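Here's the structure, in structure tokens; my notes come after.
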Amino acid sequence: MPRSTIVIDNAILKLGPTATAVDFSCQVNSAALTPTPNSVDVPATFCVGKSTTAAPSSFALDLTYLQDWGDAASVSQYLYDNDGQQGVDFEMSGIATTGNTVTVTGVCTIVAGDYGGEAGTPLQATVSLPCDGKPTITATAGLAARSGDSGGESDDVNVFQPA
């Protein structure tokens, strides 16, 4: 089996209702869907002591972006103005080096980001937007092989195919 890696180029990040979502791709320099493992405490009974069992993970859309206060389509202002808004659609997608596209869609709660930072450097901010439930990850096939491949096993970059 060939090695499998993803290199994201031409990424897209949109927030808001699907039909009118705002594309903040040019301001975002890092976007990740981050799972957090959860557990549930099971109380003791007369027969068995207290225990802990695994529960479904919770997810967050973690963003690092260039602060752009005052711009017409400002991600900084959008997050600030919509702070606390629940049920906001998001779409994050990227094209891997093979041409495959991986898209993550879901619903999140908006959280305001930072204002300000270190003197003399471009201002960046990070924010973690909690997701409502488990986002959907889809992958669509792109190019089958690199040009010049002989058809044998290769190091093509393949996209993760969710189960």
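Here are the numbers for this structure:
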| read-out | value |
| --- | --- |
| Strands (runs of 3 or more DSSP E) contained entirely in the stretch 90-140, each with at least 3 residues that are exposed (fewer than 14 other Cβ atoms within 10 Å of the Cβ) | 136-140 |
| Conditions (1) over 14 Å from Leu15 (Cα atoms); (2) modelled with pLDDT of 85 or more; (3) surrounded by fewer than 16 Cβ atoms within 10 Å (Cβ to Cβ): number failed by Gly87 | (1) |
| Count of the stretch 3-41 residues which are basic (Lys, Arg) and open to solvent by less than 70 Å² (accessible area, probe 1.4 Å) | 1 |
| Residue list for the stretch 55-70, restricted to those being within 23 Å of the chain's Cα centre (by Cα) and either of a type in the set (Gly, Ala, Ser) or open to solvent by 50 Å² or more (accessible area, probe 1.4 Å) (or both) | Ala55, Pro56, Ser57, Ser58, Ala60, Leu66, Trp69 |
| Hey, Ala44 in contact (Cβ under 8 Å) with a residue 40 or more places away in the chain, open to solvent by 50 Å² or more (accessible area, probe 1.4 Å) and outside any strand (DSSP E or B) or not | no |
| Evaluation of Ala73 against (1) touching a strand residue (DSSP E or B) at 6+ places or on another chain (Cβ under 8 Å); (2) modelled with pLDDT of 90 or more; (3) surrounded by fewer than 15 Cβ atoms within 10 Å (Cβ to Cβ) (one fails), failing number | (2) |
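The values are calculated or read from the model by the stated rules, or taken from the named source; none is laboratory data. As the structure is a computational prediction, the values presented were derived from the model and not from experiment. Because the Cβ atoms are built from the backbone with ideal geometry, glycine has one as well, and the counts that use them run over all protein chains shown. Surface accessibility is based on the protein's heavy atoms, side chains included, excluding ligands, DNA and RNA. Shrake-Rupley method; radii C 1.70, N 1.55, O 1.52, S 1.80 Å.
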